[in-house]
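Structure record follows, encoded as structure tokens.
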């Protein structure tokens, strides 16, 4: 006898422990199997793009902190790069190095949270997350030293960085860098060969290479599908062409690969920081830039490899003190567009894992 | 004398012949009240122990504000929870919603009627003790389903459906693992099973212990089988619409079940109250807490399985292993009934290692996509 069944619509979010913010998934379930998914976004829309048009170029830097709040330094960097490109401002050597150090530290911090939350979504009861948070705490302490803030740094300035680093920063950074690779090894040992983790993530939520390119995915999501694309190598900004590092890529594009790529990227970031520390020159950290300046009429697009993917700022100038148009290419939003294709056909529990493995930040998606 | 050595006075009480007419009921009343009190105190201790222990695992202190070492935290939690408003969902089934916590809590408590805390210190020394435990403990799942159904909430319903499938499946390997012990002890009575253990059965029945432990984790919905309250998916599942005292009953029932499972493992596999030097009751408690430590150690370490993987694990892994264990134990009991334990221990441990390795070789979890 065939039982009569009917699909079952369930709302995951906007208030839900594993939607990482105020994301909402409208899932249609057949039993436990997801047969349709409709993502609903916009609960955290603050209109940052429009607000930014009413403020001067310098005043917009704090706004960028509030995009992906787990990677404020990277957001700062992308924005100031775009403005410097627009206005043709040069940056002192030392500031470039400091920017790279901060951006890579930020990448480690963001990936730690991403990986920790992903493992939490797998059902590991907070233990991995709290260990990751312990390491992230050390990075936040380092940021606290240089700019006095732990979450919204507002550290980068147009033409450099706001302060030079204090004396105690470099020894602390050195200690952190030496310890960090050991910690990554430890996590790898504890987790990467865990039978349950493999069973839950291997082959789950595959994003094929072609689809990943077609939706213009970027960051670890793209690289885990086997595409060797990293803005730091493809279009080197700042001084990234001076460092040696590799681009880890996955092979299948499943949830496990996305996790693995993030772990490997942390190792590469540690390598970059070590090189930057050795080469760090002395000198000025901020070039002479007036508070109000009029960039020539034109447009500029500054993009960086942010922890979550290609973060770009598109600025149009009409020779006034504020941008005429301010657009953010948010990697989280664009990576999220693949969600439906990845989840359909998997079970409810997998939907949570796949969503967690994309590692999005809703403040950046909704802006 | 009574104060200085409670276990001795208990022994004396147990030896007193219950001659007068109301003797049986007096005995029953004293024990019932005593057991409920002991169970509730132990549950409080468990909650505190787990939260402190999890804190240690997760590099944080855990609750440490209420009393020394946060020892009063469970009491503070209880008071908070009792003062909460009791909410019934608008379109929920009011009576079923009210009844469900009772149906979950009472059977969990009733298990302790046959748990011997030391020799003869048991409310009812049933000659079918362990059978009674298996029967009673499977009633709880009805309550869970009632809760999920009556809440008129989709998350609750999914959680309840999952728990039915899971508990019914794991009942079978659970029962089969117990039979191995019963064959060795030659009795179903909990008291007799402990007395039959000259050496703990965990050494003679290592595979049985493993199967029982895993199946029991699924039975009490503990990690990695905590699907019905999977927080990341179902926001705590079947009890999401409960608050106040009703929620407290679910919460208590969960820990009472954990306590029961720890006690049963202690009795079946770890030699119950037996042990040198310390009084028997203390030995029993030490072993129970040891088992509980193992349970939340697993919880703090391992991610959760998916529902189809959980079911596959029960039917494809635990059930065949349990049947094999039964078969091997049967042969051993019939062919070498007088075999020296020191010969059987290495043989049985070797059998366990070989079987587990064999199964881990052939049995792979994973996959699970459905074409839509």
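The values are calculated or read from the model by the stated rules, or taken from the named source; none is laboratory data. These numbers come from a predicted model, not from an experiment. With ideal geometry, Cβ positions are generated from the backbone for all residues, glycine too; neighbour counts draw on all protein chains shown.
The table that follows gives values for the structure above.
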quantity	calculated
Test: residue B:359 is at pLDDT 85 or above, assigned to a helix (DSSP H, G or I) and either closer than 28 Å to residue B:166 by Cα or away from every other protein chain (no Cβ under 14 Å) (or both)	no
Helices (runs of 4 or more DSSP H) enclosed by the stretch B:259-338 - at least 1 residues per element that are surrounded by fewer than 23 Cβ atoms within 10 Å (Cβ to Cβ) and away from chain A (no Cβ under 14 Å)	B:280-301, B:319-335
Flag if residue A:131 is surrounded by fewer than 24 Cβ atoms within 10 Å (Cβ to Cβ), over 17 Å from the mean Cα position of the chain (by Cα) and touching a residue at least 24 places away in the same chain (Cβ under 8 Å)	yes
Residue B:33 being within 22 Å of the chain's Cα centre (by Cα), at pLDDT 85 or above and surrounded by fewer than 16 Cβ atoms within 10 Å (Cβ to Cβ)	yes
Single residue of B:135, B:113, B:108 found to be under 18 Å from the mean Cα position of the chain (by Cα), assigned to a helix (DSSP H, G or I) and without any contact (Cβ under 8 Å) to a residue 12 or more places away in the chain	B:135
From B:327, B:293, B:289, residue being modelled with pLDDT of 85 or more and under 24 Å from residue A:196 (Cα atoms)	B:293
Qualifying residue in the stretch A:72-89 (condition: surrounded by fewer than 21 Cβ atoms within 10 Å (Cβ to Cβ), in a helix (DSSP H, G or I), in contact with a helix residue (DSSP H, G or I) (Cβ under 7 Å, 6 or more places away or on another chain) and more than 14 Å from chain B (Cβ to nearest Cβ))	no
For residue B:218: the one exception among (1) more than 14 Å from chain A (Cβ to nearest Cβ); (2) assigned to a helix (DSSP H, G or I); (3) touching a helix residue (DSSP H, G or I) at 6+ places or on another chain (Cβ under 7 Å); (4) more than 22 Å from residue B:36 (Cα to Cα)	(1)
Residue A:137 within 11 Å of another protein chain (Cβ to nearest Cβ), within 27 Å of residue A:157 (Cα to Cα), out of contact with any strand residue (DSSP E or B) (no Cβ under 9 Å at 6 or more places or on another chain) and in a helix (DSSP H, G or I)	yes
Listing of helices (runs of 4 or more DSSP H) fully contained in the stretch A:257-367 that carry 2 or more residues being in contact with a strand residue (DSSP E or B) (Cβ under 8 Å, 6 or more places away or on another chain)	A:331-336, A:339-343, A:348-358
Residues within the stretch A:9-64 that are surrounded by 14 or more Cβ atoms within 10 Å (Cβ to Cβ), within 14 Å of chain B (Cβ to nearest Cβ) and not in a loop (DSSP other than H, G, I, E, B), tallied	15
Residue within the stretch A:176-184 that is assigned to a helix (DSSP H, G or I) and either within 30 Å of residue B:309 (Cβ to Cβ) or within 14 Å of another protein chain (Cβ to nearest Cβ) (or both) present	yes
